[in-house]
1. Looking only at segment 35-69, filter to residues that are assigned to a loop (DSSP other than H, G, I, E, B) and of a type in the set (Ser, Thr, Tyr); which one of those is surrounded by the most Cβ atoms within 10 Å (Cβ to Cβ)?
2. Kindly check whether there is at least one residue in segment 73-95 that is under 23 Å from MET152 (Cα atoms) and of a type in the set (D, E, K, R).
3. Out of (1) out of contact with any Ser or Thr (no Cβ under 9 Å at 6 or more places or on another chain); (2) farther than 30 Å from ARG23 by Cα; (3) not small (Gly, Ala, Ser), what's the single condition that is false for VAL108?
4. Across segment 1-15, what is the number of residues that are surrounded by 11 or more Cβ atoms within 10 Å (Cβ to Cβ), without any contact (Cβ under 8 Å) to a residue 40 or more places away in the chain and part of a loop (DSSP other than H, G, I, E, B)?
5. Where residues in segment 88-126 are among the basic types (Lys, Arg) and over 20 Å from the mean Cα position of the chain (by Cα), which of them is modelled with the highest pLDDT?
6. Of everything in segment 113-160, what is outside any helix (DSSP H, G or I) and among the β-branched types (Val, Ile, Thr)? Give them in sequence order.
7. Output the number of residues of segment 16-34 satisfying the condition of being assigned to a loop (DSSP other than H, G, I, E, B) and modelled with pLDDT of 85 or more.
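The values are calculated or read from the model by the stated rules, or taken from the named source; none is laboratory data. Predicted model, so just to flag it, every value in this text is computed and none were measured. Positions of Cβ are backbone-derived with ideal geometry, glycine not excepted, and every protein chain shown enters the neighbour counts.
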Amino acid sequence: MQSWGLTPVNAIAGATFRFTSDRRFLIRQHVIPALSGQVNAAQTWQATQLHQRLFHTVYPALGSVKIFHAWPGTISVTRNGAPEWGMLNKFICTAGGCNDAGVSKQTVADSLLADFMMRQDNPYIADMLSLGKASFIPPSPALDIGIKLSLMKERYLGRTEV
C-alpha cells in the first residue's frame, strides 16, 4: 500500500493521520497547554489513550492494533498567528511562532533568517516580513485562562471532526 496522509480542517480539534510506506500509522491530535515548555509523562499517556480510542473509532476492524510508541512535542503559537521573526536586538535574532505549521514552515523561516542576517539577497525575505509581528501575549494567569478558553472554542467549532 502506498503512503498517504489526511489533515483536518480544524487542527486543534481534528486529527492528522499518516500511513507510512513502512506500514506504520502516525497520529497527531490533541493540544495540551504546556506553559512551562514541557509535557509530562501523565499528559503523554492521556494523549496516547485518546489516540488509541480515536484509532479504533476510525478503524474498528483493526481493534487488536495497539499503539506502541508515543511522544510529546511542543509548538510555539502566537496570539495573532504572525511569527516572531527577525532581530530582537543588535546581537540576537529569532525565528519562532510557527503556529503548528511544523517543520516545513520553521525550516523556511530559519533559512530566510540566515539570509537576512548575512544580508543575502533573497526575495522571500520580503514575504516573511509581510507576515507581520507577533502580538503581545499577557502573562499568567490571564494567559492560562485565555488559552483554555481558546482551546474550548476551537474544540467546539471542530467537534464534528475526527
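1. First, the residues of segment 35-69 that are assigned to a loop (DSSP other than H, G, I, E, B): 35-40, 59, 63-69.
Next cut, of a type in the set (Ser, Thr, Tyr) only: 36, 59, 64.
Values: SER36: 8, TYR59: 12, SER64: 6.
Looking at residues that are assigned to a loop (DSSP other than H, G, I, E, B) and of a type in the set (Ser, Thr, Tyr), I get TYR59.
2. yes
3. (2)
4. Total meeting the criteria: 2.
5. Within segment 88-126, the first condition is being among the basic types (Lys, Arg), and the residues that meet it are 90, 105, 119.
In the following step, the residues that additionally are over 20 Å from the mean Cα position of the chain (by Cα) were identified as 90, 119.
Working: LYS90: 88, ARG119: 92.
Taking the candidates together, the pick is ARG119.
6. Going through segment 113-160, the residues outside any helix (DSSP H, G or I) turn out to be 118-123, 131-141, 158-160.
Of everything in segment 113-160, those that are outside any helix (DSSP H, G or I) and among the β-branched types (Val, Ile, Thr) turn out to be ILE137, THR160.
7. 5
A quick yes/no check of all residues on (1) closer than 20 Å to GLY37 by Cα; (2) free of Cβ contacts under 8 Å to residues at least 40 places away in the same chain; (3) not assigned by TED's automatic domain parsing to the domain that holds LEU35:
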| site | (1), (2), (3) |
| --- | --- |
| ARG79 | yes, no, yes |
| ILE92 | no, yes, yes |
| GLY96 | yes, yes, yes |
| THR107 | no, yes, yes |
| ALA114 | no, yes, yes |
| ARG119 | no, yes, yes |
| TYR124 | no, yes, yes |
